[in-house]
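Structure first, then comments.
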Amino acid sequence: MKILQPTANCQLPTANCQQPTANCQQPTANCQQPTAKTGIFGGSFNPIHNGHIALAKAVLEQCRLDEVWLMVSPQNPLKQDQQLLDDHLRFELAQQALAHEKGIMACDYEFRLPKPSYTWNTLQHLSHDYPDRQFVLLIGGDNWAHFERWRHWKDILWHHDLIVYPRDEHAGTIEMPLLPISSTEIRQKVRAGQSIEGLVPHSIEPLVKKYYSKP
C-alpha cells in the first residue's frame, strides 16, 4: 500500500476501450489495455451533490487514475441507524448527475453484496470480478483519522493504494478547495421549502426536491 500523491497528468481511458456501464457490468474481453487504475469513492450520496462531483474531478486531474466510480452504498456499517432514501432512487440521482461527466460514473455494485457493505468485502469482490483493474480507495481525512476502526483495515492497506482527501478540518494527500455543501443541508433545505440551486446539478434538482420533500 502507498498513499498516492497528486500528479499533473491524469491517464484517462483510451477511446477504443469500452467504458463500463453505469451499473458496472463486466468489461468486454476485447478491451486490451494495461491495468486500469480505478478510484472507488464510496458513500451514501443521500443525495449526491456538487461537492462530491468536484472532488471526483479533482482526483482525476491530480492523480494517476483512469476512472472514478462513485459507489452508492446501501448501508454504512458505522451508521446503521441512518435513514436513507431508497437505494435505487439514490443511484438514479447519481446516474443522472454524472451522465455527462467523463471518467466518472455511478456504480450500484454493492447493492448485490451481503449487508452491511464493508469496504474490504467490496474490494475483494471487485478485484475478483474485474481482474484487469487496480482499485484505489478514496477516503476523507476524517475517516483516515480513525481508519483502524474499519473491518480488515490492515488488509485494505496491504492490498490497495489510498487517496485521502481533506474533510472536516482533517488534512489529505491531495489539495483542493472544499465546497461548503453537505447532503444533510440539502435534505433540510428541501423539507423547509428553501432553494437548493447551486448545491446539486440542475439535471437532478427537480427529483431531489420530489424525493426529499417528505420528512
Among the residues of segment 158-166, is there at least one that is charged (D, E, K, R) and buried (at least 17 other Cβ atoms within 10 Å of the Cβ)?
-> yes
Select from segment 172-186 the residues that are closer than 16 Å to residue 93 by Cβ, in contact (Cβ under 8 Å) with a residue 60 or more places away in the chain and open to solvent by 40 Å² or more (accessible area, probe 1.4 Å) and list them in ascending order.
-> 182
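Residue 41 - would you say it is under 18 Å from residue 117 (Cβ atoms), modelled with pLDDT of 55 or more, in contact with a strand residue (DSSP E or B) (Cβ under 8 Å, 6 or more places away or on another chain) and in a loop (DSSP other than H, G, I, E, B)?
Details: under 18 Å from residue 117 (Cβ atoms): yes; modelled with pLDDT of 55 or more: yes; in contact with a strand residue (DSSP E or B) (Cβ under 8 Å, 6 or more places away or on another chain): yes; in a loop (DSSP other than H, G, I, E, B): no.
No; evaluated as a whole, the condition is false for this residue.
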Out of (1) at pLDDT below 50; (2) touching a Pro at 6+ places or on another chain (Cβ under 8 Å), what's the single condition that is false for residue 66?
-> (1)
Residue 192, sole failed condition from (1) over 15 Å from residue 54 (Cα atoms); (2) of a type in the set (A, V, I, L, M); (3) surrounded by 19 or more Cβ atoms within 10 Å (Cβ to Cβ) | (3)
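The values are calculated or read from the model by the stated rules, or taken from the named source; none is laboratory data. Here the structure is a predicted model, which means the values were calculated and not measured. No Cβ is skipped: glycine too gets one built from the backbone with ideal geometry, and neighbour counts run over all protein chains shown. These accessible areas exclude ligands, DNA and RNA; they are computed on the full protein's heavy atoms, side chains included. Shrake-Rupley method; radii C 1.70, N 1.55, O 1.52, S 1.80 Å.
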